[in-house]
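Input: a single structure, listed below in structure tokens.
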Amino acid sequence: MSTPVTTLALGPDWLAPEWLISTFGLLGILVIVFAESGLLIGFFLPGDSLLFTAGLLVADGRYITYPLWLVCLLITIAAIAGDQVGYLFGRKVGPALFRRPNSRLFKQENLLKAHDFFEKYGARSVVLARFVPIVRTFTPIVAGVSRMNYRTFVTYNIIGGILWGTGVTVLGYFLGQVPFVKSNIEFILVAIVAVSVLPIAVELLRARLAARRGTTPQERAGAEAAIQETREHYGKH
């Protein structure tokens, strides 16, 4: 007999992983994974917690009655396809994004954050970004804007899609069968979200510490010039 899974609200009810899965099923998971992996509007959607919950519910037999291998395969395909769309979008339309004004669903800082991430890790960022919220959505677009070699992108995209789409889901499947995890699933989901946003938190902390130490006017001017140079560079394409 399956055990009810109760999850702690990590945001609006309509973003709760279990509610999304119980309402839209496997198809809903695939649409969300696709959107979060490469569409600008998907950056706010749950990723890691959704996949973990999906794996847990497969083990529990609730809402998802498909075998684990099929669920992992379809999620991985959706993740890879999402990044492919993001990359192609970046190649065709991306440069204009650096001239686009901020709106409710679009912030220049998110795009620039993904750009910095891409510049720091290169091709590996396509894999690493899978595990970083927000950056996960914008990195394939930045890769397209930067004209990253297509074969290289596809290779890293497949690797990242498998590690994230299959890895997190399988983790949820097996840990979901552990009594302690199952009885404390709400706190496990909170921990997953906390770990996934840790890189962003670290960057914010570093920025605050740097500000407290005092940044010279020259350093501030240099940082602003770097941001402006990035925008102008992509604005010319």
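Here, each number is a calculation from the coordinates, and none is a lab measurement. A quick note: this is a predicted structure, and the numbers were derived from the prediction, not measured. Neighbour counts run over all protein chains shown; Cβ positions are idealised from the backbone, glycine included.
So if we plug the beta-carbon distance of Phe174 and Leu27 into 1/(1 + (r/R0)^6) with R0 = 25 Å, what FRET efficiency do we get, rounded to 0.05?
Efficiency, from the Cβ-Cβ distance: 0.55.
Along Cα→Cβ, 7 Å out, is where each label goes; now give me the distance between the ones at Ile159 and Tyr121 in nm to one decimal.
Between Ile159 and Tyr121, the label points sit 1.1 nm apart.
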